[in-house]
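A short write-up of the structure that comes next.
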Amino acid sequence: MYRITGADGKEYGPISADVLRLWISQGRANALTRVFPEGATEWTTLSQLPEFAADLAAKAAAPTQLPNITSTPNVVDVLAADIMARDYRLEIGLCFSRGWELVKKHFWLTVGAAFLIHLIAGAVSSIPLLGLAFTYVFVGGLDWMFLKLIRGEKAEVGDAFAGFNLAFGPLAFFSLVAQLLVALGFVLCFLPGIYLGVCWMFFTPLIIVDKKIDFWPAMELARKVVNRHWWQVFGFALVCGLVLFAGGLLCGVGLLIAIPLVKAATVFAYEDIFNVRTPSSTLTTDQSDLGRLS
């Protein structure tokens, strides 16, 4: 797996060698493109990787810079096809067991940040429209903090508010559009609301902040990938609901643990599905993984 830096300065990936070869053939990557192979210790250029020498030679006339791939119409198809090709299996129990270990390891940070974000988001939600738009801006920031912890990176409470500076626009538009469409699905026939909610609400904010994709392409990527094993993700959603319900039964105090546990399990599920983190993998160490980006 590889991560690359585009001419726009943004980082993309992880992607497989086949996807990277496709981008080379399409002129989206060239010999000067900065790349970080999985397991490496530093960035290099594609010209330094022998496995892509033949592809670069065949594309000798390619542009010297990588365009912004988020503006490419079929970027969602490319990413979705790569995930579909390797397929995935969502191990619900393993997601929660790893999530519990993460919460225990970073107890005060995860519990404190989750409580603070939900407290502020709850207060903002009382403001019509503004609350609707800000819901997943808060969620995206909290997702980002948990993603950093899972990847062994240093994280702090301020990272839980990263949705406001990393991807405020896409997250706000997603929050408005997705919630309105899901609500419409419930009103019209109920089942479409359930289907869209499962497809969109768990992983789209993570895709937006992690892969730097705009809100609608991110929604499409989430829908296409989740649709492959929709019932598995639906089962995961049910377990999340049961955990939150059980937390609420303990005079609400149990939610202090249930909310960060569900969040950690969700981010582990995202890594297993979208970033080729195998279900058998364990928590990373505190040492920063230089290959983990955005």
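The values are calculated or read from the model by the stated rules, or taken from the named source; none is laboratory data. Since we're looking at a predicted model, the values are computed, not measured. FYI the Cβ positions are ideal-geometry reconstructions off the backbone, even for glycines, and counts take in every protein chain you see.
Here is how the numbers come out for the structure above:
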| item | result |
| --- | --- |
| Subset of region 164-189 [over 14 Å from ALA218 (Cα atoms) and part of a loop (DSSP other than H, G, I, E, B)] | CYS189 |
| Residues of region 145-168 classified as more than 14 Å from HIS106 (Cβ to Cβ) and either hydrophobic (A, V, I, L, M, F, W, C) or free of Cβ contacts under 8 Å to residues at least 24 places away in the same chain (or both), total | 8 |
| Residue identified as of a type in the set (A, V, I, L, M, F, W, C), under 21 Å from the mean Cα position of the chain (by Cα) and surrounded by fewer than 17 Cβ atoms within 10 Å (Cβ to Cβ) among VAL182, VAL157, VAL187 | VAL157 |
| Test result for ASP210, at pLDDT below 95, acidic (Asp, Glu) and closer than 17 Å to PHE268 by Cβ | yes |
| Selection status of ALA246, part of a helix (DSSP H, G or I), buried (at least 23 other Cβ atoms within 10 Å of the Cβ) and without any contact (Cβ under 8 Å) to a residue 60 or more places away in the chain | no |
